[in-house]
1. Does any residue of the stretch 310-317 turn out to be outside any helix (DSSP H, G or I), surrounded by fewer than 24 Cβ atoms within 10 Å (Cβ to Cβ), in contact with a strand residue (DSSP E or B) (Cβ under 6 Å, 6 or more places away or on another chain) and in contact (Cβ under 8 Å) with a residue 40 or more places away in the chain?
2. Name, by its number, the condition in (1) in contact with a helix residue (DSSP H, G or I) (Cβ under 6 Å, 6 or more places away or on another chain); (2) without any contact (Cβ under 8 Å) to a residue 60 or more places away in the chain that does not hold for residue 95.
3. What is the number of the single condition among (1) at pLDDT 95 or above; (2) over 18 Å from residue 284 (Cα atoms) that residue 426 does not meet?
4. Checking the condition at pLDDT 95 or above, touching a helix residue (DSSP H, G or I) at 6+ places or on another chain (Cβ under 9 Å) and more than 24 Å from residue 207 (Cα to Cα), which residue from 312, 290 passes?
């Protein structure tokens with residue numbers, strides 16, 4: 001069976017021999033919106049739990065639109081032009097509209113990368129487009145403390161705007177349940193200290209801080225408390241298929257519209273299987289998510305529910321930009337020096353996580369369950385040593401060796417990585 005794994009911009013062909021019993025884990029066929037711009041404009045006119053976009057704009061002198069950074073394949077080039085044109089047609093001055101890249105603690109997106117992210121030269125030339133910088137104290141304003149003790153400070157450009165809109169992609173997320181909506185605000189435009197509190201081990205070690213779980217998820221609950229502090233906020237939510245075509249779009253009040261999008265995507269993104277496997281092959285969803293090893297961890301965690309304890313997890317990820325941030329590299333040094341158990345003990349009581357160590361913490365969850373094998377052509381030898389997993393040169397050989405060593409010819413393959421979450425459901 002020949003399978004095209006999502007890998008970089010071109011994909012990676014994996015030709016599995018006939019003697020293997022292969023289960024392909026992918027979304028069922030999704031509807032595709034034939035007229036994306038028409039559907040987007042229709043969403044503005046038929047919103048979820050709010051007035052039309054034109055009516056919401058009345059009386060507002062300023063607008064801040066949040067968009068995800070380059071790691072998310074949001075179709076901004078389709079969404080932003082009609083959104084901004086609608087605001088201008090409703091009477092808002094172009095120079096009072098800001099598109100703010102919700103970087104969280106990721107690096108800024110600039111130059112050609114910013115143009116790729118925004119997807120429209122008209123937008124870049126018409127309104128202000130800027131990056132959020134979580135470490136610039138003066139850019140942020142304290143708005144309150146959650147019931148869990150998280151001090152919430154957000155980018156002032158967003159909280160001071162008369163009209164607040166977020167544009168995002170709704171897909172499984174290995175901490176927050178599903179991405180998009182409230183997550184674009186916090187941690188998207190939160191201060192460094194707020195983000196570090198969000199990602200501390202006492203939150204992330206909760207069993208409900210996981211893929212596809214919204215209800216009872218402590219991270220989601222904290223995010224929604226912060227949204228209540230922010231006040232009225234609207235959202236454009238999209239769902240895309242495996243070929244990055246729009247399958248669903250809506251507009252409305254941030255919580256209700258996001259939950260509607262989650263309800264739409266669940267039957268596609270969550271795939272229930274009656275059995276677990278001793279060999280699982282997955283990806284990091286290809287470009288742009290698999291640009292770093294940091295993001296690759298999402299693919300590891302996403303596959304765990306169908307992996308037998310002690311099984312082999314083989315993941316392919318281009319890692320064209322290497323390991324990730326310097327802070328993440330430091331966390332990986334701690335992991336490789338101390339081992340998973342000692343690393344976890346060292347962070348469990350922290351009120352504020354060290355920057356990016358949360359991704360290392362999530363890798364520990366995968367390491368506890370699986371033997372992890374990584375194919376990543378973008379990593380240097382020094383970076384490979386920081387991964388804490390076994391780096392391989394040939395995915396097919398690794399699968400063949402795993403089937404032999406595990407004594408089981410059954411193999412599960414997840415070409416789209418963390419965008420598809422297989423769930424063990426023996427009675428399904």
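The values are calculated or read from the model by the stated rules, or taken from the named source; none is laboratory data. Everything numeric in this text was worked out from a predicted model, so none of it was measured. Virtual Cβ from ideal backbone geometry, glycine too; neighbours counted across all protein chains shown.
1. To start, the set of residues in the stretch 310-317 that are outside any helix (DSSP H, G or I) comprises 310-317.
After this cut, where a residue has to be surrounded by fewer than 24 Cβ atoms within 10 Å (Cβ to Cβ) as well, the list is 310-311.
Filter once more, keeping what is in contact with a strand residue (DSSP E or B) (Cβ under 6 Å, 6 or more places away or on another chain): 311.
From what is left, the residues that are in contact (Cβ under 8 Å) with a residue 40 or more places away in the chain are 311.
Within the stretch 310-317, one or more residues are outside any helix (DSSP H, G or I), surrounded by fewer than 24 Cβ atoms within 10 Å (Cβ to Cβ), in contact with a strand residue (DSSP E or B) (Cβ under 6 Å, 6 or more places away or on another chain) and in contact (Cβ under 8 Å) with a residue 40 or more places away in the chain.
2. Condition not satisfied by residue 95: (1).
3. (1)
4. Values: 312 fails: more than 24 Å from residue 207 (Cα to Cα).
Of the residues listed, the single one that is at pLDDT 95 or above, touching a helix residue (DSSP H, G or I) at 6+ places or on another chain (Cβ under 9 Å) and more than 24 Å from residue 207 (Cα to Cα) is 290.
Per-residue answers, yes or no, for (1) part of a strand (DSSP E or B); (2) assigned by TED's automatic domain parsing to the domain that holds residue 301; (3) over 18 Å from residue 367 (Cα atoms); (4) modelled with pLDDT of 95 or more:
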{"position": "379", "(1), (2), (3), (4)": "no, yes, yes, yes"}
{"position": "382", "(1), (2), (3), (4)": "no, yes, yes, yes"}
{"position": "385", "(1), (2), (3), (4)": "no, yes, no, yes"}
{"position": "393", "(1), (2), (3), (4)": "no, yes, yes, yes"}
{"position": "398", "(1), (2), (3), (4)": "no, yes, no, yes"}
{"position": "402", "(1), (2), (3), (4)": "no, yes, no, yes"}
{"position": "412", "(1), (2), (3), (4)": "yes, yes, yes, yes"}
{"position": "418", "(1), (2), (3), (4)": "no, yes, no, yes"}
